[in-house]
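Below you'll find the structure, written out as structure tokens, and then a few comments.
The values are calculated or read from the model by the stated rules, or taken from the named source; none is laboratory data. Worth saying up front: this structure is predicted, and the values here are computed from it rather than measured. Here Cβ is always computed from backbone atoms with ideal geometry, including for glycine, and neighbour counts include all displayed protein chains.
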């Protein structure tokens, strides 16, 4: 206990260390605040959108009074609202869409539309807690620890210190513990404060905090081992440690990325759209029977009602939209499973690059990772299937349009996500 | 008498003898070569895919069978943006924007399938490119080499000897600076190689040269700040700490903070919000599929009066086609208004972020580099605009065919009468109205003059630090 007190007093005279600790605290505070702002604005935008979306559908309902046209003109907002921990890791929400408006037409033509943010922002990258904890925290650890031994060596006090301390290892241990303990406090306290304000589930915050500590310990071990095993002077030591940071934070992730893209190729995205569009457009010229046979293979319950007598009937129109999706299915499944496989492999390889591992972990705790985006996409597919089931019944059974029946139409809700 | 060149040569010899320095240098040059190769291969594949995609899309459109012209409007067309030749050096925002657009009637689709969307989650920095290597990591090497150029003489006690031999402080500083400039020149060689390669692939020579000069200017900012730190610090650790702190705030902190501040200061509505707002306006403009929509009553009365007939059946033109053309024009005006608002806002956001270049030279350089390479936001917007021009062109061409070559009576009967439906099919030869799409980037001169604005930031940095170095040199004492 006395030694910790001594180290604290010693630290209070080290201006550089105080500077780094203060900087760590201020930067984390800024990052957390920016994250909170962003999440707040996503929520309020979503609220407005939900309202506008409802009133848009109301106008459509007033203008049309047959199932086919209502289905054609009604868009439905689907969304993935930010989780209570999203402020800490905004993750993939920047790049991968978290809101869509879809309608009864072929889904493959709609699901890849992205409501993208300004690419000028995306290219710079986010400033959030996950970025601070995974990319900047190692630098803080390095700055706080690199000179511990070598500065004493340079000042000629090293041997004396080790001799008087009795147990040399113990001395450096206490000194480093005090510094890193304070660093952890500087980085985790803004997170915990914001999490309490956001009402984030405590177990998630504890997981997130432990992951950050684990990452910190990794960099502690790295800094400690390098300075223990070498007799390098402070500048050389610092340069070498920054080199290691570059290796783990920048080069390895980039190499992993390149390897994964080579290992798991994806079908070209635009091919999905092209295939789907050819299938849907060709249907206009195909015999209606061909389309309806392909349709009833998937929906045998409508086999009895699948005769088309007019040049244009809504049920035929929606049937060929559905068949368009069916034709594209192999490609789109390949695309989905490819992205899933890339995501799995990234998660498995991420231990090779601890900063990347931490960012992945935080994003997955905050449901802002690629996996979350993929399950959101799945929820859109489920909802679209429900919409189809609803309208097919109306169209194939030739039910008259009523406002009451329309109230039974499925609405997208959070429940689709889980 | 010692001249600056001899001082520089001494410094180079010292670096050459240090194994650590040589390992670092080899590592950075190896990385530059590696990222350059990977980026070049990727861009090459993309370029091939998209050129093939465009050929295929053209062929699909032209080989469609005889059919109703409005069907072709909905069949639509794809256009692809092939990567800029300089994208092998700086792909800029290309991976984020999507490179294909589906063009169809009544809608302006966004570019889809940005390659970054399907890629793995990378974390902090994204894919490494030669440009990024120069912007972020070459400066680190310069810091490692250069922070001690003056300090070492001081710490080893050789500074007083040098000065006592009649060496002026300014010659000393000039020599050390020359050493750093030599290092920069060496480090720029891989960039030159990449740019030669781009040149062979059709990049403009003057633009490529400007790219190299921009990076040279940028690294000069670093050399100057390193010199300043070495001149004014008492200890090597202190100089190194300060320089790393500067690196850290210039490359990591200020750009991201700037982007965050800009987001809060200039918010934009997303595409869905815009679409919903636009929908209101579009409803007022009427539905062009329905020639009896109240919004088009005027067209009808005017046409009837102009041809002096009572019934639309007696018109020499098909009113459905006329209405379709008028409504597409009206709709496009509305859509362009929203699209332009959105683009203007995006541009002002990008400008606001770049103005943080006054605080962070890497931000200024990255803006200059993307502008020169033709991989910036303005180029993306240019692509969107050119695609829209092509869209309107073929859609309206088809609408005119609809108005002039189809009989109104057949047109309204075609859903019930198979014979009438056959008569509404237009010969496939008409599809050749589609123009070839080849995306052209802004002229070299325009790009250079835009990039010059960002040069100003870098020049201001060099000038400011040079003055500070001058003052520090005068006060340099053993």
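Please verify whether residue A:269 is within 33 Å of the chain's Cα centre (by Cα) and closer than 21 Å to residue B:46 by Cβ, treating the condition exactly as stated. In short, yes. None of B:76, B:34 is within 11 Å of chain A (Cβ to nearest Cβ) and crowded, with 19+ Cβ neighbours inside 10 Å except B:76.
Among the residues of the stretch B:257-267, those that are surrounded by fewer than 21 Cβ atoms within 10 Å (Cβ to Cβ) and more than 7 Å from every other protein chain (Cβ to nearest Cβ) comprise B:261, B:265, B:266, B:267. Among the conditions (1) within 11 Å of chain B (Cβ to nearest Cβ); (2) at pLDDT 85 or above; (3) touching a helix residue (DSSP H, G or I) at 6+ places or on another chain (Cβ under 9 Å), the only one that residue A:247 does not satisfy is (3).
Here residue A:42 meets each of (1) over 20 Å from residue A:380 (Cα atoms); (2) crowded, with 17+ Cβ neighbours inside 10 Å; (3) within 11 Å of chain B (Cβ to nearest Cβ) with one exception, condition (1). For the stretch A:145-263, the helices (runs of 4 or more DSSP H) that sit wholly inside it and include 3 or more residues that are under 25 Å from residue B:238 (Cα atoms) are A:147-154, A:158-165, A:168-198, A:202-229, A:234-245.
Going through A:368, A:361 one at a time, which residue ends up being within 12 Å of chain B (Cβ to nearest Cβ), in contact with a helix residue (DSSP H, G or I) (Cβ under 6 Å, 6 or more places away or on another chain) and not in a helix (DSSP H, G or I)? From the options A:368, A:361, the qualifying one is A:368. Within the bounds of the stretch B:117-126, is there any residue that is crowded, with 24+ Cβ neighbours inside 10 Å, in a loop (DSSP other than H, G, I, E, B) and touching a strand residue (DSSP E or B) at 6+ places or on another chain (Cβ under 7 Å)? The answer is no, given that none of the residues of the stretch B:117-126 is crowded, with 24+ Cβ neighbours inside 10 Å, in a loop (DSSP other than H, G, I, E, B) and touching a strand residue (DSSP E or B) at 6+ places or on another chain (Cβ under 7 Å). Filtering the stretch A:163-184 for residues that are more than 10 Å from every other protein chain (Cβ to nearest Cβ), within 30 Å of residue A:383 (Cα to Cα) and free of Cβ contacts under 8 Å to residues at least 40 places away in the same chain leaves an empty set. If the condition is being over 16 Å from residue A:72 (Cβ atoms) and more than 10 Å from chain A (Cβ to nearest Cβ), then the stretch B:268-292 contributes B:278, B:281, B:284, B:285, B:286, B:291, B:292. Limited to the stretch A:393-405, what total is found for residues that are more than 15 Å from residue A:74 (Cβ to Cβ) and touching a residue at least 40 places away in the same chain (Cβ under 8 Å)? Residues flagged as more than 15 Å from residue A:74 (Cβ to Cβ) and touching a residue at least 40 places away in the same chain (Cβ under 8 Å) within the stretch A:393-405 amount to 4.
Whether a residue is under 25 Å from residue B:285 (Cβ atoms) and assigned to a helix (DSSP H, G or I) was assessed, and residue B:387 passes this test.
Which residues, taken from the stretch A:306-342, are away from chain B (no Cβ under 14 Å) and over 39 Å from the mean Cα position of the chain (by Cα)? Within the stretch A:306-342, A:306, A:307 qualify. Only one of the numbered conditions (1) modelled with pLDDT of 90 or more; (2) over 27 Å from residue A:337 (Cα atoms); (3) surrounded by 17 or more Cβ atoms within 10 Å (Cβ to Cβ) is not met by residue A:232, and that is (1). In the stretch A:94-108, of all residues being more than 7 Å from chain B (Cβ to nearest Cβ) and in contact with a strand residue (DSSP E or B) (Cβ under 8 Å, 6 or more places away or on another chain), the one that is surrounded by the most Cβ atoms within 10 Å (Cβ to Cβ) corresponds to A:100. Could you look through the stretch A:264-273, keep only residues that are in a helix (DSSP H, G or I) and more than 7 Å from chain B (Cβ to nearest Cβ), and pick out the one that is modelled with the lowest pLDDT? Residue satisfying both the conditions and the ranking: A:271. Evaluated against (1) within 14 Å of another protein chain (Cβ to nearest Cβ); (2) more than 30 Å from residue A:375 (Cα to Cα); (3) surrounded by fewer than 21 Cβ atoms within 10 Å (Cβ to Cβ), residue A:20 falls short on exactly one condition, (3). Being touching a helix residue (DSSP H, G or I) at 6+ places or on another chain (Cβ under 9 Å) and closer than 29 Å to residue B:258 by Cβ narrows it down to one of A:131, A:207, so name that one. After ruling out the rest, the residue left standing is A:131.
Against the numbered list (1) more than 27 Å from residue A:236 (Cβ to Cβ); (2) within 12 Å of chain B (Cβ to nearest Cβ), residue A:144 comes up short only at (1). So, in the stretch B:19-31, of the ones that are within 19 Å of residue A:255 (Cβ to Cβ) and touching a residue at least 24 places away in the same chain (Cβ under 8 Å), which residue ends up farthest from the other protein chains (Cβ to nearest Cβ)? Looking at residues that are within 19 Å of residue A:255 (Cβ to Cβ) and touching a residue at least 24 places away in the same chain (Cβ under 8 Å), I get B:29.
In the stretch B:90-107, of all residues being more than 10 Å from chain A (Cβ to nearest Cβ) and either modelled with pLDDT under 85 or surrounded by fewer than 22 Cβ atoms within 10 Å (Cβ to Cβ) (or both), the one that is farthest from the chain's Cα centre (by Cα) corresponds to B:106. What is the number of the single condition among (1) within 12 Å of chain B (Cβ to nearest Cβ); (2) in contact with a helix residue (DSSP H, G or I) (Cβ under 6 Å, 6 or more places away or on another chain); (3) surrounded by fewer than 20 Cβ atoms within 10 Å (Cβ to Cβ) that residue A:303 does not meet? Going through the list (1) within 12 Å of chain B (Cβ to nearest Cβ); (2) in contact with a helix residue (DSSP H, G or I) (Cβ under 6 Å, 6 or more places away or on another chain); (3) surrounded by fewer than 20 Cβ atoms within 10 Å (Cβ to Cβ), residue A:303 breaks only (1).
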